[in-house]
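Just below is one structure, and these are the notes that go with it.
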Amino acid sequence: MFRPARALSVAATAAVLTMTTLFTASSANAAGVNYVALGDSYSAGVGAGSYLSDSGSCKRSTNAYAYLWSNANSPSSFSFVACSGARTGDILNSQISALNSSTTLVSLTVGGNDAGFSRTMQTCVLGSDSDCLNAVNTAENYATNTLPGQLDRVYSAIKSKSPNAHVVVMGYPHLYQIGGYCLFGIGDTKRAAINDAADTLDNVISKEVANAGFTFADVRDTFAGHEICGGLDTWLHSTTLPIDESYHPNSSGQADGYLPVFSQS
């Protein structure tokens, strides 16, 4: 008479233990993440406001995708060392020390500053169409011919310092909507050239990322329809003050553009 009940009790206990084990394993996995956020201004969150007081000119924002991900997932450790203006050399000289053999997750954006896209944007905004096209061509040549070697050195250093980490290299969005309207802005010839430059940069980065065995996270589709001159729901700053925030994602660009792409990578 008691055997079925005893069998049911054993089955129920086993189910509870299984659920408990699954929950514990899930919690342990979440708790075991040691996350390091490297990179330039796009990873630091320049343009998103709410800057950490101890970050100084690096302008690390609590609205940056890395910071938002950390708050939502509560990793065991989080080191946020991305910095405005960072180039590949800065990653190697100033940021790579944040990594170690216990690091399990790494994110970064880098390459735009090496290729001189800040100077290119300044030329395109202030100069003629011809000036802009020449500047874009110079930046694209650098991205195609020189940047791959610089990226390889960064990726190799990351792999050496954190051989077991999942490394997500974030791309750059198109800045402009072609045919969109801005009260003050540049024409479609310049917009198309700047977007083409972003494509060149992303293509170079994605190729080197694949060679390194890392994950490339492309944000261009996610930002589509939210570029500068794209209407009211724009995720990027046009020319603004302070000037260093120009052509960077705002808080929506970080939360709705970068964060979901990173989270799914």
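The values are calculated or read from the model by the stated rules, or taken from the named source; none is laboratory data. The structure presented is a predicted model; accordingly, all values stated were derived computationally and were not measured. Don't worry about glycine lacking a Cβ; one is built from the backbone with ideal geometry, like all the others, and counts go over all protein chains shown. Ligands, DNA and RNA are excluded from the accessible area calculation, which covers all protein heavy atoms including side chains. Shrake-Rupley method; radii C 1.70, N 1.55, O 1.52, S 1.80 Å.
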- Give me the percent of the accessible area of the chain that comes from carbon and sulfur atoms, probe 1.4 Å, all protein chains in place. 54
- Message: Which log10 I(q)/I(0) values does the range 46-95 give at q = 0.19 Å⁻¹ under the Debye formula, counting every alpha carbon as one identical point scatterer?
- Response: -0.66
- Task: Have a look at ILE194, PHE117, LEU151 and report the one farthest towards the positive end of the charge dipole of the chain, computed about the Cα centre with Cβ charges (Lys/Arg +1, Asp/Glu -1).
- Result: LEU151
- Residue-normalised accessible area of the chain, given per residue in Å² at a 1.4 Å probe: 47
- Query: Can you give the translational diffusion coefficient of the range 82-126 in µm²/s, computed by Stokes-Einstein from the Kirkwood radius over Cα pairs at 37 °C and 0.692 mPa s?
  - Reply: 270
- Along each principal axis, Cα extent of the range 134-225, largest first, Å: 49, 28, 17
- Note on the structure: Counting only DSSP beta bridges fully inside the range 26-175, the antiparallel percentage to nearest 5 is 10
- Taking a temperature of 20 °C and a viscosity of 1.002 mPa s, what whole-number D in µm²/s does Stokes-Einstein yield for the range 102-184 with Rh from Kirkwood over alpha carbon pairs? 142
- With R₀ set to 30 angstrom, the calculated FRET efficiency between the beta-carbons of THR146 and ASN100, to the nearest 0.05, is 0.50
- Task: Pull up all non-local amide H partners of HIS166: gap of 5 or more, or a different chain, and H-to-H distance under 5 Å with H placed in the peptide plane.
- Result: LEU105, VAL106
- Whole Å is fine, so just give me how far the alpha carbon centre of the range 227-265 lies from that of the range 77-98. 21
- log₁₀ of I(q)/I(0) at q = 0.07, 0.14, 0.17 Å⁻¹ - the chain, Debye sum with one point per alpha carbon: -0.29, -0.93, -1.31
- Query: ASN250: net charge of surrounding residues, Cβ under 14 Å, Lys/Arg +1, Asp/Glu -1, itself excluded?
  - Reply: -4
- Query: In terms of solvent-accessible area of protein heavy atoms at a 1.4 angstrom probe, what is the ranking of TYR142, TYR181, highest value first?
  - Reply: TYR181, TYR142
- Please give every one of the aspartates and glutamates within straight-line cross-link reach of LYS190, meaning a C-alpha to C-alpha distance under 15 Å, and leave out same-chain neighbours fewer than 8 residues apart. ASP129, ASP131, GLU140, ASP199, GLU227
- Item | Length-normalised contact order for the chain - Cα pairs under 8 Å, 6+ apart - percent | 20
- Based solely on its DSSP helices, what 222 nm [θ] is calculated for the chain when runs of n ≥ 4 H residues each add -39,500 (n - 2.57) and the sum is averaged over all residues, nearest 500 deg cm²/dmol? -14000 deg cm²/dmol
